[in-house]
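Data block below; observations after.
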Amino acid sequence: MTESRHTAVVGLQWGDEGKGKIVDILARDHDYTVRYNGGANAGHTVVIGAERYALHLIPSGIMHPGKVCVVGNGVVVDPHQVIKERDALVTRGIDVSPRRLRLSDRAHVVMPWHKTLDAALENLLSTGQSNAAGADHSIGTTRRGIGPAYADKITRASALRLGDLCDRDHLASRLEVITHIKNAQLLAFDPDHQPFDLEALNAEYARLGDELRPHICDTTYLLHEAMAEGKRLLFEGANACLLDVDHGTFPYVTSSNCSALGIPAGTGVPGRNIREVIGIMKAYTTRVGAGPFPTELKNEIGNRIRERGREYGTTTGRPRRCGWLDLVAVRYSAMLTGATQLAVMLFDVLAGLDELRVCTAYRLRDGSVTQRFLPDAHRLEAAEPVYETLPGFGAEITAARSHDDLPREARAYLKRIEEYVGVKVGIVSVGPERGQTVVRG
Ligand code: GDP
Ligand code: IMO
Ligand code: MG
């Protein structure tokens, strides 16, 4: 049997749930780790002993010698970033040879103008110049050029794919047209814009193409051939369900399909080939960037969670907003992504609180109560959380290695999650390291 043996790891909240840790653990039992969405906006952490690795574009399976890592067609790739990341890993003794890192020839390229446009738009929106009230309407993007790169993919005429970098004449003819369009767009935005130099770009991107050529291939055939040989694939979601461009808190989202729904389009592998979808969730909630967050705690408890959980962005270093667990949101994401089990992460961070709250419904402005998530920022902003209170657990749990090692109150908290979401908790994480993990049979 070559089908239905594959696994996906998907974030169920607003990102940073601990996907990198779980992918690293599961990669041992899979042959390929595959990214299907997002770009260098992702920041996935893997901790091995005293070593800490932050991965943005290279899949988190890279720590396992001999395993293959694939960046699928649905990812937007900044060539400078992927080379920087590859070389930094090589310096630390990790094999990132072309045999191990495969990049789709159809992945779109993040170009300098994408980052310029991303920042220009965010600056315009944040200064309040865009509206009479002077309000900040920025999204709080990572400024990695993600939105503009995906916009060009959809626009088509002004997009470049990794495969285009591998043929100098073809690249030169594409860049001529695209640079013309981009200079016109940026001039409209900023009259002081210095036009991009076509010759310099030709030289730079031909060189990047030469450097990346050994990694670039048709990853769709690569993955289908691997499946036919009986290899197991592990899909690594970037960003998370509530940031999904179609199903998240629009417009405070990213620009790709982050849930498991993005896998077929972002890799060419049919959804029916995936057997397990592991929904990764924190034991509480965080969000970085702007947008509604009903259970946000702007108080001592929120600060305590931020400090104990080291809740500062892996990509941008920004402090993350912290709050109670929103079960309405998690149940919605689990439904959307087809989660077959949950991994509850950073559970250790909640130790020492007298009581724990979980949001089980929203109260709306008209007084009605709903258990449905509201995947629209304007509507979700009006939602007040309805909480259930559960007893906290005083003792530290970082040394727990089995379910029975957890205090009774901690087990009750996990049980309530399972009941509400309707999906079993298969993994509990009690610290950043590989070993600080409880796997339930
Ligand atoms: P990702 O984007 O989903 O891969 O998550 P990030 O790497 O951005 O953020 C998760 C952070 O939590 C990282 O610093 C991890 O090392 C850390 N982490 C993961 N699991 C645990 C855990 O169970 N407990 C604690 N204290 N930290 C964890
Ligand atoms: P990982 O994979 C947390 C957020 C940004 C911003 C919004 C849009 O590490 O979980 P973008 O740069 O994508 O246009 O920003 O999405 N965001 C993330 N937040 N973790 C991520 O990735 C994120 N990727 C994007 O903060 O609010
Ligand atoms: Mg992250």
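Values in this text are rule-based calculations from the coordinates and carry no lab data. Nothing here was measured: the structure is a model prediction, and the numbers come from that model. Virtual Cβ from ideal backbone geometry, glycine too; neighbours counted across all protein chains shown.
General observations
- Residue list for region 2-54, filter: away from ligand 3 (no atom under 14 Å from the Cβ) and on the phi > 0 side of the Ramachandran plot: SER4, GLY49
- Any hit, region 383-396, residues being of a type in the set (Ser, Thr, Tyr), assigned to a loop (DSSP other than H, G, I, E, B) and over 17 Å from ILE280 (Cβ atoms): no
- Out of ILE22, ILE62, ILE83, ILE58, sole residue that is β-branched (Val, Ile, Thr), closer than 26 Å to LEU162 by Cα and within 15 Å of ligand 2 (Cβ to nearest atom): ILE58
- Selection from region 323-341 of residues that are within 11 Å of ALA283 (Cα to Cα) and outside any helix (DSSP H, G or I): GLY323, TRP324, LEU325, ASP326
- Region 25-55: number of residues that are within 9 Å of ligand 2 (Cβ to nearest atom) and more than 12 Å from ALA238 (Cβ to Cβ): 1
- Residue list for region 98-154, restricted to those being part of a loop (DSSP other than H, G, I, E, B) and charged (D, E, K, R): ARG99, ARG100, ASP105, ARG106, ASP136, ARG143, ARG144
- Candidates in region 1-19 are the residues that are among the charged types (D, E, K, R) and surrounded by fewer than 24 Cβ atoms within 10 Å (Cβ to Cβ); of these, the one that is farthest from ligand 2 (Cβ to nearest atom) is GLU3.
- In region 303-327, the residues that are loosely packed, with under 15 Cβ neighbours inside 10 Å form Cβ pairs under 6 Å with partners that are in a strand (DSSP E or B) and hydroxyl-bearing (Ser, Thr, Tyr), at six or more places apart or across chains, as follows: PRO319/TYR312.
- Here region 134-154 is the region considered, the condition is being more than 19 Å from the chain's Cα centre (by Cα) and over 23 Å from GLY209 (Cα atoms), and the residue that is surrounded by the fewest Cβ atoms within 10 Å (Cβ to Cβ) is GLY134.
- Just so you know, in region 416-441 the residues that are aliphatic (A, V, I, L, M) and part of a strand (DSSP E or B) include one that is surrounded by the fewest Cβ atoms within 10 Å (Cβ to Cβ), and it is VAL439.
- Total residues in region 186-212, condition part of a helix (DSSP H, G or I) and surrounded by fewer than 16 Cβ atoms within 10 Å (Cβ to Cβ): 11
- ARG287, sole failed condition from (1) away from ligand 1 (no atom under 14 Å from the Cβ); (2) within 28 Å of ILE154 (Cβ to Cβ): (1)
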